[in-house]
Amino acid sequence: MFKILVIDRCYFTRTGMESWLNQTDLFPASFLVAALHNLMLAKEHIVQWQPDLVIADLHGFKNEIHHIQQLASLFSVCGDGIKVLLLESGEDAQLSDYFTQFNIEETLLKTASLDTLAQSIDAIVLSRPTRTEPKPAVPLLTRQEEKVLTLWMEGRSNQSIATKLSINGKTVYTYKRNIRMKLGMDNRFTPFLSLPDAIN
């Protein structure tokens, strides 16, 4: 069984890929699939779960990153043992040029046919030895913490997050503290989490 991590901003792509990859009659190998919509969580998930293949649409995160080099940390945790297949939702010369310095197995556009994508996935995973006892994917953050993190990264205030999630403002503070602890971060290294509390 092979472990595949799908990283994509689009909910429909994530759920569609999970469903498609889990169809046993389409692929000669069986897959354990996890999907995430957050680059920071994806990096931590890769470190802990060690997937065989990462399928990512990094083009979809282009407007979220402050500098293109932030993507280097994602590739650095993949190393040589984890294969990367970029399944991009658009074309960007700057991103494409930047990606050439990393060990990316293949890059396809999302407009590629499912047959082409299936052949690429088969070729990548079948070149690796099969795992006999895969570890189950354990989420790093709870669902509620993921919701808080998503709203937090949008720049919402604690009160705005509390209102949106129907929880107490002090509870939001506790969630934020837990998120920092679980992701091993402090304020000095998380400037993107220290956004102004202006959006309501």
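The values are calculated or read from the model by the stated rules, or taken from the named source; none is laboratory data. Computed from a predicted structure; not experimentally measured. Using ideal geometry, Cβ is built from the backbone for each residue, glycine included, and neighbour counts are taken over all protein chains shown.
Miscellaneous remarks
- Flag for LEU87 being touching a residue at least 24 places away in the same chain (Cβ under 8 Å), assigned to a helix (DSSP H, G or I) and not small (Gly, Ala, Ser): no
- Among the candidates GLU44, GLU18, the residue that is closer than 20 Å to ASP80 by Cα, assigned to a helix (DSSP H, G or I), assigned by TED's automatic domain parsing to the domain that holds ILE65 and out of contact with any Ser or Thr (no Cβ under 8 Å at 6 or more places or on another chain) is uniquely GLU44.
- ALA137 at pLDDT below 90 and in contact with a His (Cβ under 8 Å, 6 or more places away or on another chain): yes
- Candidates THR116, THR111, THR174: the one that is more than 21 Å from ASN38 (Cα to Cα), assigned to a helix (DSSP H, G or I) and modelled with pLDDT of 85 or more is THR116.
- Filter pass, GLY184 being of a type outside the set (A, V, I, L, M, F, W, C) and modelled with pLDDT of 85 or more: no
- Counting the residues of region 65-84 that are among the charged types (D, E, K, R) and either under 13 Å from the mean Cα position of the chain (by Cα) or assigned to a helix (DSSP H, G or I) (or both) gives 0.
- Residue selection: ALA56 satisfies the criterion of being surrounded by 15 or more Cβ atoms within 10 Å (Cβ to Cβ) and assigned by TED's automatic domain parsing to the domain that holds ILE7.
- With respect to (1) surrounded by fewer than 13 Cβ atoms within 10 Å (Cβ to Cβ); (2) within 25 Å of LEU85 (Cα to Cα); (3) modelled with pLDDT of 90 or more, the lone exception for ILE121 is condition (1).
- Some residue of region 60-68 being free of Cβ contacts under 8 Å to residues at least 24 places away in the same chain, surrounded by 14 or more Cβ atoms within 10 Å (Cβ to Cβ) and under 22 Å from GLY90 (Cα atoms): no
- Residue match in region 54-62 (condition: more than 13 Å from the chain's Cα centre (by Cα) and in a loop (DSSP other than H, G, I, E, B)): yes
- Residue tally, condition within 17 Å of ARG143 (Cβ to Cβ) and touching a residue at least 24 places away in the same chain (Cβ under 8 Å), over region 1-56: 11
Table: residues versus (1) modelled with pLDDT of 90 or more; (2) over 24 Å from SER113 (Cα atoms).
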residue: ALA29; (1), (2): no, no
residue: LYS43; (1), (2): no, yes
residue: GLN48; (1), (2): no, yes
residue: ILE55; (1), (2): yes, no
residue: GLU64; (1), (2): no, yes
residue: LEU74; (1), (2): no, yes
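- So GLN23, is it outside the structural domain of TRP152 (by TED's automatic domain parsing), of a type outside the set (Val, Ile, Thr) and either within 13 Å of the chain's Cα centre (by Cα) or part of a helix (DSSP H, G or I) (or both): no
- When we screen ALA34, ALA93, ALA72 for residues that are surrounded by 15 or more Cβ atoms within 10 Å (Cβ to Cβ) and of a type in the set (Gly, Ala, Ser), the only hit is ALA34.
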